[in-house]
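The values are calculated or read from the model by the stated rules, or taken from the named source; none is laboratory data. Here the structure is a predicted model, which means the values were calculated and not measured. Using ideal geometry, Cβ is built from the backbone for each residue, glycine included, and neighbour counts are taken over all protein chains shown.
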Amino acid sequence: MKYVTKSMNTEFQAIMARRHSAPKGATVARILKSGKPGKPFFVSYLWNERTAQDVVTRLESLNPGTKYVEA
(Lines give C-alpha, C1' and ligand atoms only; values in the text may rest on other atoms or scores of the structure.)
Protein backbone atom coordinates (compact mmCIF):
# COMPACT_ATOMS: atom_id res chain seq x y z
CA MET A 1 0.00 0.00 0.00
CA LYS A 2 1.34 3.37 -0.99
CA TYR A 3 1.75 6.03 1.67
CA VAL A 4 -0.02 9.28 0.72
CA THR A 5 2.13 12.26 1.53
CA LYS A 6 0.85 15.71 2.36
CA SER A 7 1.98 17.05 -1.03
CA MET A 8 0.03 14.32 -2.84
CA ASN A 9 -3.04 15.12 -0.76
CA THR A 10 -2.72 18.81 -1.68
CA GLU A 11 -2.32 17.86 -5.33
CA PHE A 12 -5.43 15.68 -5.16
CA GLN A 13 -7.49 18.48 -3.58
CA ALA A 14 -6.37 20.89 -6.30
CA ILE A 15 -7.36 18.43 -9.04
CA MET A 16 -10.77 17.84 -7.45
CA ALA A 17 -11.35 21.58 -7.09
CA ARG A 18 -10.72 22.03 -10.81
CA ARG A 19 -13.10 19.20 -11.71
CA HIS A 20 -16.08 20.72 -9.93
CA SER A 21 -17.65 23.88 -11.24
CA ALA A 22 -17.85 27.08 -9.24
CA PRO A 23 -20.66 27.27 -6.68
CA LYS A 24 -23.94 28.56 -8.06
CA GLY A 25 -25.41 31.62 -6.42
CA ALA A 26 -26.02 35.34 -6.56
CA THR A 27 -24.37 38.45 -5.18
CA VAL A 28 -26.76 40.59 -3.14
CA ALA A 29 -26.49 43.67 -0.95
CA ARG A 30 -28.55 44.79 2.03
CA ILE A 31 -30.19 48.24 1.92
CA LEU A 32 -28.84 50.36 4.78
CA LYS A 33 -30.87 52.80 6.89
CA SER A 34 -29.51 55.64 4.74
CA GLY A 35 -31.10 54.01 1.67
CA LYS A 36 -27.80 53.08 0.04
CA PRO A 37 -26.83 49.49 -0.72
CA GLY A 38 -24.34 47.95 1.69
CA LYS A 39 -21.38 45.72 0.95
CA PRO A 40 -22.28 42.99 -1.58
CA PHE A 41 -21.98 39.35 -0.49
CA PHE A 42 -22.36 35.98 -2.19
CA VAL A 43 -25.33 33.73 -1.37
CA SER A 44 -25.59 30.17 -2.73
CA TYR A 45 -28.75 28.99 -4.43
CA LEU A 46 -30.87 26.60 -2.39
CA TRP A 47 -33.58 24.17 -3.46
CA ASN A 48 -35.09 25.29 -6.78
CA GLU A 49 -33.75 28.86 -6.91
CA ARG A 50 -32.52 29.90 -10.34
CA THR A 51 -32.20 33.71 -10.24
CA ALA A 52 -30.91 36.42 -7.94
CA GLN A 53 -34.49 37.59 -7.40
CA ASP A 54 -35.33 34.17 -5.90
CA VAL A 55 -32.46 34.63 -3.43
CA VAL A 56 -33.63 38.16 -2.56
CA THR A 57 -37.16 36.87 -1.93
CA ARG A 58 -35.82 34.10 0.35
CA LEU A 59 -33.60 36.46 2.34
CA GLU A 60 -36.41 38.99 2.81
CA SER A 61 -38.82 36.29 3.99
CA LEU A 62 -36.25 34.97 6.50
CA ASN A 63 -35.28 38.48 7.69
CA PRO A 64 -38.47 40.55 8.06
CA GLY A 65 -37.96 44.29 7.88
CA THR A 66 -34.73 44.02 5.90
CA LYS A 67 -34.48 44.84 2.20
CA TYR A 68 -32.00 43.28 -0.23
CA VAL A 69 -31.13 44.07 -3.86
CA GLU A 70 -29.13 42.32 -6.55
CA ALA A 71 -25.56 43.57 -6.68
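Values for this structure:
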item: Contacts under 8 angstrom Cβ, first residue in segment 46-71 being in contact (Cβ under 8 Å) with a residue 40 or more places away in the chain and part of a loop (DSSP other than H, G, I, E, B), partner exposed (fewer than 15 other Cβ atoms within 10 Å of the Cβ) and hydroxyl-bearing (Ser, Thr, Tyr), 6 or more apart; result: ALA71/THR27
item: Every residue from segment 43-58 that is of a type in the set (A, V, I, L, M, F, W, C) and surrounded by 13 or more Cβ atoms within 10 Å (Cβ to Cβ); result: VAL43, ALA52, VAL55, VAL56
item: Enumeration of residues in segment 47-70 that are within 13 Å of the chain's Cα centre (by Cα) and modelled with pLDDT under 90; result: GLU49
